[in-house]
Structure formats: structure tokens, C-alpha cells
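Undergrad: Got a structure here, written out as C-alpha cells. Questions coming.
The values are calculated or read from the model by the stated rules, or taken from the named source; none is laboratory data. Bear in mind that the values here come from a model prediction, so they are computed numbers and not experimental data. We place every Cβ from the backbone using ideal geometry, glycine too, and count neighbours over all the protein chains shown.
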Amino acid sequence: MSLRISESLDVIGPYRNNFSVGRKMCLLAVVGVLAVVCERVASQRFPPGFQFGAATSAYQIEGGWNVSDKGESIWDRMVHSRPDLIYDHSNADVACDSYHLWEEDLRLVQEMGLDFYRFSISWPRLLPNGFSNKVSEDGRRYYSAVIDGLRARGVAPVLTLYHWDLPQRLQDLGGWTNPLIVEWFADYARVAFSLFADRVHTWITINEPGSVCDVAYRGFLAPGLRDHEVGALLCTKHVLLAHARAYRVYQEEFKPKYHGEVSIAYQECWFEPKTDQDLEITLLTREYLFGRYSHPIFSAAGGWPPALERYMADKSKKEGYPRSRLPAFTPDEIQLLKGSFDFYGLNHYTSRVVRGAAPGEPLAFISQGVEEVRAALETRPRWGTATSSWLKVNPEGLRHLLKLIKQQYGDVKILITENGYSDTGDQLEDRDRVNYYKDYLEQVLLAITEDAVRVVGYTAWSLLDNFEWAAGYTSRFGLYSVDFSSPRRPRAARASARYYAGVLRARGPHADTTRNTTA
Ligand code: PNW
């Protein structure tokens, strides 16, 4: 065996005779290590059954904001009345024009060979006045065509019910702060399930409840209101209950027939303490931003995270409120919420270092910290950067977070529902995005193989460049670029689209680049 290896060292040719025994041994070791490394790379495959997809959302890609009988959403209202809240004063009236060009999108999905495509229904496109008494025929036909088109191409649809475009009519009635929205959402979910559950087997009720309540009620997303003290916390309770009611509607009325799965998708960063003294504040910050949404659904005990519940009760009392600003659940509500999941949906992009804030230190939400718990958020200089100022690149953070979810909630199935990288979009050779995907995918694989975390799938955000909310079109996340200056909105594959197509063939982060695709 060793002889054969040393014979293969003949490639060193003329230098051969100058090698001492020690040097030969050394080379043998190097070759051995190389062989092991090669074998490891080759064995870096995701387990059989692991699913790869890409995602978009209705408001960000569809356009057609007022075609046919579509109702106005809170995003339509905000971009038209307050363009100053959008960095480049743009809007998504047309966006990628996917309302008309959806077959183009399906061509890209097929070109990359995706296992699934995650997209969302616009609530006011399907139910123009927000309520379930009137279903738009054009809305129904549009989503039905996309679903059928995906299935005809062998791609599974993963459907999100709410990706931030609330009917304005419901906002005028209080939106997510009105407890009645829990039933309005359940009614909407029932309509969507009745129309599409025969062909859609994976559902996400709410995309990022934390963005819907915390970010939106600090004015950074529609409806652009500012009331994080009370509004955001009322929103939290009702968004969670709305999810749970929709989950139960599916379980009781549709699951026996279609056997699909329903869950919620969280936006979670990896948070680590700056020093040992910052451990407690890190735990509280995690509970405030993330546990507030996951504990009621995924923990064995149910209800709010206990430490956060105590903290909010004490703080509210000191502030002179007659009861906690974090609204209580009834015992029935705790039961309704507990276990209302079939998997853990995780959107993950970035990491932060947490420390206790100094007295009087300003804490602008997310960029500097979290005022409610007096936590300052920092990043490490070695972490990479992206066009989105909040997005710092720390691939290991994803593995830590996956381990933490398992530690908190046991051996739950995790579907990574978003992960991605933003640049200015100027280049089709987007090497930084390719590296981001490769490095993050490697960490997902390590979490599966080394830490036995049950990750069942991975979703790249996004299939194509789109309207990036308050950043408008200044931050691009697409595997495919979109030329927004052309009325035809032409799409073009970036290097990352070719890389991801290779990942799908190789079933691992070391993409199979041996074959050229049209992608
Ligand atoms: C997600 N963070 O939001 C949304 O689901 C997408 O619609 C959006 O386009 C995408 O990420 C990129 O921004 C996020 O603070 C909100 O880390 C907040 C964070 C990350 C993603």
C-alpha cells in the first residue's frame, strides 16, 4: 500500500533522489492528509431526502398592485403616502412584474433544478376587502396557475400565507393589535387551504412575527406606526394566536385528507455574550426578540418565556401600568398555541455580540441595541459585510443557532426558510454571494453530521432581485438579477445561480461544477 503511494511520488521527478527518508515520510503524510481531505469533501453530502429551495414574497416581486379587483395593502398605502420612508423613494407597484412574468420565474426555478419554491399569497389579492365573504377570481386563478406550473415542472410549492402585506381595510380596524384579527386570519387561511391544499403540502402561516410586530411598530416597516411599548406586544399576542388558529384549522379540516405540514417562520440572529458578565443580558435579549415568539409554540410548558414574563411584569409595574404590557394568555390560549407546529421554520442571516448598555447609552433598535431590555448589540470586526448594513457575515453563527434550537426545544425538524446575502447588484459574477452560500451551507451540514440537528431543508433568499422593503432596490439578494430599468424586467443568472444549481446536483456545498448548465 505505502509502496504504491511512494511510487505515485514519481511525479516529483528529478528531485526524487535528493529526498531523505525523513522528507519522504513527510510527503507520505501530506499525501495521506490530502486523501483524507478529498474524501471528506466528497462525503460532504446532505442526507438523502434533504430539500433545497429558493424563496420570494408577494409584495416584493408581483407588482400588479391594483390590477383587477385586488385590494390595497398596508405596503401599497405606505409607499404611496410616505415614499420618504423608502431609501430610494421607490415602490413595488411593478417590482419584478411577476404577476405577469410568473412563467419566467418558473423557468429560473426549473433551470436551477430546485426541489421546492417558497412564495407567498397576497392576502388582499385573494380577499380584496380582507374578509372571506368575497374571493377574487383573478387572485385564485393567479396562485392556482403558479402552483400548477411548479408541479408540472417537478417542483414542490411551499406557500406562505402572510409575508407582511396586510389588507389596508383590516389595518384601519386596528390591524394586528385588534384581537378579532385572529379569526379574520383563520378565515383567510381556510380559504387558502380550501383552494390550494390539494396541491400544496407545506405551509408557512406567518413570515417573521418579530418583523411584523417589533420592526413594523418601530416604524421601519408598514404600517410604519411607532408604538413598541404597547402596540408591538399586543401584535405579538395576536400574531401568535392567528398562527395557532390557522394551524388548528388545517389540522382539523384538511390534514386528515391531505397530510400536509404547517408552521411559522422566525427571523433569528445568533447572539453571543461579549463577556461572561453579559451572559444574563444575552439570555434576556434572546427571550425578548426570539423566545417571545417561539416559547409559546415550541416549549413543553407553553406560554411566555418565564424570565421575560417576570421582567416585563416588574418593568410595567414600575412604569405605573396597572398590568403587564406583555398581555397575558388565558389557559385555553396557552393550550391552543402549544405544539401548533409541524417543523421549525428559520430565517437566518446574521449574528451579534450582546452586552449590557451603559446608563443613558442610545439604543436605536437593532442597529445599536434593544431599549426594552437595555442591551447593546455589536458586531465583530472580522465578520464580513454586505450591502445591507445589518447583515454581517458569520457562518458559524448559524451552526450555533441550530444547536441552540435543539437544546431548547428538543429534536424538532428544522426547515431553513431563508438565508442569503445582499450586494449592490452591479455584477453577475457575485463571488461574495457564492462564498456566503458555501460557508453557510457548510455550517448547516456540520450541524447535521456533527451535532445531529434535524435540519430537513434549506431555502436561499432570494430567487431573484426584488423590492427590499425600506431599502427599496438598493440592496439585491437575487440568485438572478432583474433589470428594473427595463419595462420587460429581464432576469439574468448570477454566478450564484450556477453555484446553487451545482449544489442541487452535488447535494452538498461543494457544488458540482463539472457540468455547464444554462443557468
Ligand atoms: C427577511 N435581521 O427579513 C424577510 O423575510 C425578507 O422579506 C427580506 O427581503 C429578507 O429577509 C432580506 O432582508 C429580515 O435583522 C429581517 O437580521 C430582519 C433581519 C433579517 C431578515
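Undergrad: If you scan segment 245-271, which residues turn out to be within 15 Å of the ligand (Cβ to nearest atom) and β-branched (Val, Ile, Thr)?
TA: Result: ILE264, single match.
Undergrad: Which residue, of ALA242, ALA222, is more than 16 Å from the ligand (Cβ to nearest atom), under 30 Å from TYR311 (Cβ atoms) and outside any strand (DSSP E or B)?
TA: Details: ALA222 fails: more than 16 Å from the ligand (Cβ to nearest atom).
From the options ALA242, ALA222, the qualifying one is ALA242.
Undergrad: Could you name every one of the helices (runs of 4 or more DSSP H) located completely within segment 1-86 that has at least 3 residues being in contact with a Pro (Cβ under 8 Å, 6 or more places away or on another chain), surrounded by 10 or more Cβ atoms within 10 Å (Cβ to Cβ) and at pLDDT 50 or above?
TA: Values: elements: 2-8, 21-42, 58-61, 74-81.
Per the criteria, 74-81.
Undergrad: While we're here: Inside segment 136-167, can you point out the residues that are within 16 Å of the ligand (Cβ to nearest atom) and aliphatic (A, V, I, L, M)? I'd like the intermediate steps shown before the answer.
TA: As a first pass, look at segment 136-167 and keep what is within 16 Å of the ligand (Cβ to nearest atom): 158-166.
If the condition is that a residue be within 16 Å of the ligand (Cβ to nearest atom) and aliphatic (A, V, I, L, M), then VAL158, LEU159, LEU161, LEU166 are the ones that fit.
Undergrad: Out of the residues in segment 178-211 that are among the polar types (S, T, N, Q) and within 24 Å of the chain's Cα centre (by Cα), which is nearest to HIS228 (Cα to Cα)? Step through it out loud before you land on a result.
TA: Looking only at segment 178-211, we keep the residues that are among the polar types (S, T, N, Q), and these are 178, 194, 202, 205, 207, 211.
Next cut, within 24 Å of the chain's Cα centre (by Cα) only: 202, 205, 207, 211.
Numbers: THR202: 32, THR205: 23, ASN207: 19, SER211: 12 Å.
Step by step, filter segment 178-211, then rank; the result is SER211.
Undergrad: Now a separate question. Kindly provide the set of residues from segment 209-225 that are touching a strand residue (DSSP E or B) at 6+ places or on another chain (Cβ under 9 Å) and at positive phi, ordered by number.
TA: Within segment 209-225, GLY219 is the sole residue that qualifies.
Undergrad: Take TYR409 and tell me if it is within 16 Å of the ligand (Cβ to nearest atom) and aromatic (Phe, Trp, Tyr). Steps first, answer last, please.
TA: Values: within 16 Å of the ligand (Cβ to nearest atom): no; aromatic (Phe, Trp, Tyr): yes.
No, not satisfied.
Undergrad: THR459 versus (1) within 12 Å of the ligand (Cβ to nearest atom); (2) among the β-branched types (Val, Ile, Thr); (3) touching a His at 6+ places or on another chain (Cβ under 8 Å): which is the lone unmet condition?
TA: For THR459, the failing item is (3).
Undergrad: Could I ask something else about it? Those residues that are part of a helix (DSSP H, G or I) and either without any contact (Cβ under 8 Å) to a residue 12 or more places away in the chain or within 15 Å of the ligand (Cβ to nearest atom) (or both), I need them from segment 225-234; list them, please. Walk me through it before giving the result.
TA: Step one: filter segment 225-234 for residues part of a helix (DSSP H, G or I), giving 231-234.
Of everything in segment 225-234, just one residue is part of a helix (DSSP H, G or I) and either without any contact (Cβ under 8 Å) to a residue 12 or more places away in the chain or within 15 Å of the ligand (Cβ to nearest atom) (or both), namely ALA232.
Undergrad: Kindly indicate which of HIS238, HIS243, HIS228 is at pLDDT 95 or above, surrounded by 21 or more Cβ atoms within 10 Å (Cβ to Cβ) and out of contact with any strand residue (DSSP E or B) (no Cβ under 9 Å at 6 or more places or on another chain). If you could, list the steps in order and put the result at the bottom.
TA: Working: HIS243 fails: out of contact with any strand residue (DSSP E or B) (no Cβ under 9 Å at 6 or more places or on another chain); HIS228 fails: out of contact with any strand residue (DSSP E or B) (no Cβ under 9 Å at 6 or more places or on another chain).
After applying the criteria, what remains is HIS238.
Undergrad: Residues of segment 374-395 being farther than 20 Å from SER422 by Cβ and charged (D, E, K, R), which ones?
TA: Within segment 374-395, ARG374, GLU378 meet the criteria.
Undergrad: Which residue, of LEU279, LEU289, is of a type outside the set (Ser, Thr, Tyr), at pLDDT 95 or above and more than 16 Å from the ligand (Cβ to nearest atom)?
TA: Values: LEU289 fails: more than 16 Å from the ligand (Cβ to nearest atom).
Every option except LEU279 fails the conditions.
Undergrad: Pick out the one residue from ARG325, ARG352 that is more than 25 Å from ILE204 (Cα to Cα), within 16 Å of the ligand (Cβ to nearest atom) and not aliphatic (A, V, I, L, M). Can you show your working first?
TA: Numbers: ARG325 fails: within 16 Å of the ligand (Cβ to nearest atom).
Of the residues listed, the single one that is more than 25 Å from ILE204 (Cα to Cα), within 16 Å of the ligand (Cβ to nearest atom) and not aliphatic (A, V, I, L, M) is ARG352.
Undergrad: While we're looking at this one, here's another question. Kindly establish whether ASP172 is away from the ligand (no atom under 16 Å from the Cβ) and among the charged types (D, E, K, R).
TA: Details: away from the ligand (no atom under 16 Å from the Cβ): yes; among the charged types (D, E, K, R): yes.
For ASP172, the condition - away from the ligand (no atom under 16 Å from the Cβ) and among the charged types (D, E, K, R) - is met.
Undergrad: Counting just the residues of segment 48-63 that are over 30 Å from SER90 (Cβ atoms) and more than 14 Å from the chain's Cα centre (by Cα), which one comes out farthest from the ligand (Cβ to nearest atom)?
TA: Of the residues in segment 48-63, the ones over 30 Å from SER90 (Cβ atoms) are 48-52.
From the residues that got through so far, the ones that are more than 14 Å from the chain's Cα centre (by Cα) too are 48-51.
Details: PRO48: 29, GLY49: 25, PHE50: 22, GLN51: 19 Å.
Among those that are over 30 Å from SER90 (Cβ atoms) and more than 14 Å from the chain's Cα centre (by Cα), it is PRO48.
Undergrad: Any idea how many residues of segment 202-216 are within 8 Å of the ligand (Cβ to nearest atom) and of a type in the set (A, V, I, L, M)?
TA: 1
Undergrad: Suppose we filter GLU429, GLU442 for residues that are away from the ligand (no atom under 16 Å from the Cβ), acidic (Asp, Glu) and not in a loop (DSSP other than H, G, I, E, B); which single one remains?
TA: Details: GLU429 fails: not in a loop (DSSP other than H, G, I, E, B).
Exactly one of GLU429, GLU442 is away from the ligand (no atom under 16 Å from the Cβ), acidic (Asp, Glu) and not in a loop (DSSP other than H, G, I, E, B), namely GLU442.
A quick yes/no check of all residues on (1) within 15 Å of the ligand (Cβ to nearest atom); (2) not in a loop (DSSP other than H, G, I, E, B):
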site: ASN466; (1), (2): yes, no
site: THR474; (1), (2): yes, no
site: ALA492; (1), (2): no, yes
site: ARG498; (1), (2): no, yes
site: ALA501; (1), (2): no, yes
site: GLY508; (1), (2): no, no
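Undergrad: Which number in (1) in contact with a Phe, Trp or Tyr (Cβ under 9 Å, 6 or more places away or on another chain); (2) away from the ligand (no atom under 16 Å from the Cβ) marks the one condition that GLU104 misses?
TA: Of the numbered conditions (1) in contact with a Phe, Trp or Tyr (Cβ under 9 Å, 6 or more places away or on another chain); (2) away from the ligand (no atom under 16 Å from the Cβ), the odd one out for GLU104 is (1).
Undergrad: For the list (1) under 27 Å from HIS89 (Cβ atoms); (2) under 20 Å from the mean Cα position of the chain (by Cα); (3) in a loop (DSSP other than H, G, I, E, B), I need the number of the one condition that VAL453 fails.
TA: It fails just one condition, (1).
Undergrad: Looking only at segment 258-275, decide whether some residue is touching a strand residue (DSSP E or B) at 6+ places or on another chain (Cβ under 8 Å) and part of a helix (DSSP H, G or I).
TA: Taking segment 258-275 first, the residues touching a strand residue (DSSP E or B) at 6+ places or on another chain (Cβ under 8 Å) are 260-275.
Still in the running and part of a helix (DSSP H, G or I): none.
Looking for residues that are touching a strand residue (DSSP E or B) at 6+ places or on another chain (Cβ under 8 Å) and part of a helix (DSSP H, G or I), one finds none in segment 258-275, hence no.
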